[in-house]
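Novice: Have a look at the structure that comes next, please.
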Amino acid sequence: VNDLPAILFTMKYSLPPEGRKNFTIHGPNGFREKWNTLLQVFGKWINTDSYAITVAEHWEDEFNVDSIKVATLPMEHGEPCIGFRFDDGKGKIIAYSGDTAPCSNIIKLASGCDALLMECTRPDDSPAEGHTSTAQVGAVANKAEVKTLLLTHISPDNDTTDLDRQVSNYFDGIVIAVRDGMRITI
């Protein structure tokens, strides 16, 4: 949730009125309590009467957002965290890990998908509990048989390396270390 107050602040003050619409924040079980704490701290800067913000909690769940079928499963992390699988019903499927160590649930969510957006927090020689290293993210993508692996949540220790090339040593598909502002067509 680190970036959530900044995003909501920007929405409140920078979006034109026609861009301000009601929306739902989807998070893991227990997220509503964290949301209420964020409102206590940042309330007047992020809360608005221009649109409604609702919170939905998920664990092992399936639901639809418009025409997109969404599935969630718990990930392996110190705090409650879920991964997502988005299926547009037209043949495009994307999975997102959130924070996680390698686990069977991320492989299940990502199985056969077109793209897996997965954290690649640490270099192999400096692992962190509840997170994924360079070799581990490649192994997960191979087991899930994904087509494209998009690397995110990259720590400064890993940001100085050529992640695309390093992960390609462990995964045969397309590897892209994502950067702010990137647009990728699946």
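Residues are listed down the side, and each one gets a yes or a no for (1) within 26 Å of Ile7 (Cβ to Cβ); (2) without any contact (Cβ under 8 Å) to a residue 40 or more places away in the chain; (3) of a type in the set (Gly, Ala, Ser):
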site: Gly91; (1), (2), (3): no, yes, yes
site: Ser111; (1), (2), (3): no, yes, yes
site: Thr132; (1), (2), (3): yes, yes, no
site: Val137; (1), (2), (3): yes, yes, no
site: Leu149; (1), (2), (3): yes, yes, no
site: Pro156; (1), (2), (3): yes, yes, no
site: Asp162; (1), (2), (3): no, yes, no
site: Arg183; (1), (2), (3): yes, yes, no
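Novice: Being open to solvent by 50 Å² or more (accessible area, probe 1.4 Å) and either touching a residue at least 60 places away in the same chain (Cβ under 8 Å) or touching a Pro at 6+ places or on another chain (Cβ under 9 Å) (or both) is the filter here; which residues of the stretch 1-29 pass it?
Specialist: The one that is open to solvent by 50 Å² or more (accessible area, probe 1.4 Å) and either touching a residue at least 60 places away in the same chain (Cβ under 8 Å) or touching a Pro at 6+ places or on another chain (Cβ under 9 Å) (or both): Asn29.
Novice: Taking Arg122 and the conditions (1) over 30 Å from Thr37 (Cα atoms); (2) open to solvent by less than 60 Å² (accessible area, probe 1.4 Å); (3) at pLDDT below 95; (4) among the charged types (D, E, K, R), which numbered condition does it fall short on, given that it satisfies the others?
Specialist: Here Arg122 clears every test but (1).
Novice: Here's something else I'd like to know. Would you check if Arg32 is more than 20 Å from Leu109 (Cα to Cα), touching a residue at least 12 places away in the same chain (Cβ under 8 Å) and either open to solvent by 30 Å² or more (accessible area, probe 1.4 Å) or not hydroxyl-bearing (Ser, Thr, Tyr) (or both)?
Specialist: yes
Novice: Output the residue which, of all residues in the stretch 153-175 that are open to solvent by less than 40 Å² (accessible area, probe 1.4 Å) and at pLDDT 95 or above, is farthest from Pro80 (Cα to Cα).
Specialist: That would be Gly173.
Novice: Can you pull out the residues in the stretch 1-40 that are under 22 Å from Asp66 (Cα atoms) and in contact with a Gly (Cβ under 9 Å, 6 or more places away or on another chain)?
Specialist: Scanning the stretch 1-40 gives Met11, Pro28.
Novice: Does Ala71 satisfy the condition of being over 18 Å from Leu4 (Cα atoms) and either in contact with a His (Cβ under 9 Å, 6 or more places away or on another chain) or open to solvent by less than 70 Å² (accessible area, probe 1.4 Å) (or both)?
Specialist: yes
Novice: What strands (runs of 3 or more DSSP E) completely inside the stretch 1-106 contain at least 1 residues that are in contact with an Asp or Glu (Cβ under 7 Å, 6 or more places away or on another chain), modelled with pLDDT of 95 or more and of a type in the set (S, T, N, Q)?
Specialist: The qualifying strands (runs of 3 or more DSSP E) are 68-74.
The values are calculated or read from the model by the stated rules, or taken from the named source; none is laboratory data. Just so it is clear, the model here is predicted, and its values are computed rather than measured. When we count neighbours, we look across all protein chains shown, and the Cβ atoms used for this are built from the backbone with ideal geometry, even at glycine. In case anyone asks, the SASA skips ligands and DNA or RNA and just uses the protein heavy atoms, side chains included. Shrake-Rupley method; radii C 1.70, N 1.55, O 1.52, S 1.80 Å.
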